């Protein structure tokens with residue numbers, strides 16, 4: 001402890017020399033430190049800093065290029081999406097138009113088939129009526145001939161003279177049939193009233 005006290009007072013230690021102060025200022029060392037620091041600063045400024053700047057510039061350019069490419073790709077994607085949405089809307093519109101046309105064509109086909117069926121039905125009914133009328137006419141003709149023969153034979157027996165004359169026979173048949181038709185019409189009208 002004594003040694004420490006002497007050092008603090010500035011008195012020489014046992015060897016007779018004054019110890020050097022480690023915190024003291026030595027001008028040569030300071031100048032040499034400044035020269036080395038300046039040389040080191042110059043080398044960093046001349047060689048290291050430009051490389052850092054170049055690396056920073058390349059990274060900045062790459063980042064900006066990546067951002068620009070991403071924005072370009074995003075714009076392309078947005079344009080493609082808009083185009084696809086437009087195509088989808090057009091496809092939906094076309095599908096709706098096709099469905100409407102199919103509905104209209106179906107309705108037209110149904111109406112045409114209905115008209116065809118009604119025309120065919122009317123034709124069949126007319127054909128049936130014509131056939132029935134032809135058969136009725138044939139039956140009436142056949143019946144007239146038969147009734148005429150029977151009536152003239154019967155009238156001839158009743159009257160007691162022969163009615164072989166064609167004109168007389170025809171008048172008798174016509175009168176007889178007219179009376180039958182009149183009776184038939186009266187019966188039908190009174191039957192339909194009830």
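The values are calculated or read from the model by the stated rules, or taken from the named source; none is laboratory data. For clarity, every value in this text was computed on a predicted model and none was experimentally measured. Here Cβ is always computed from backbone atoms with ideal geometry, including for glycine, and neighbour counts include all displayed protein chains.
Going by the conditions given, is residue 134 surrounded by 10 or more Cβ atoms within 10 Å (Cβ to Cβ), part of a helix (DSSP H, G or I) and modelled with pLDDT under 75? Considered against the rule, which asks whether it is surrounded by 10 or more Cβ atoms within 10 Å (Cβ to Cβ), part of a helix (DSSP H, G or I) and modelled with pLDDT under 75, residue 134 comes out as no.
Within the range 49-77, residues that are on the phi > 0 side of the Ramachandran plot and at pLDDT below 90 reach no partner that is part of a helix (DSSP H, G or I) and surrounded by 10 or more Cβ atoms within 10 Å (Cβ to Cβ) with beta carbons closer than 9 Å at six or more positions or on different chains.
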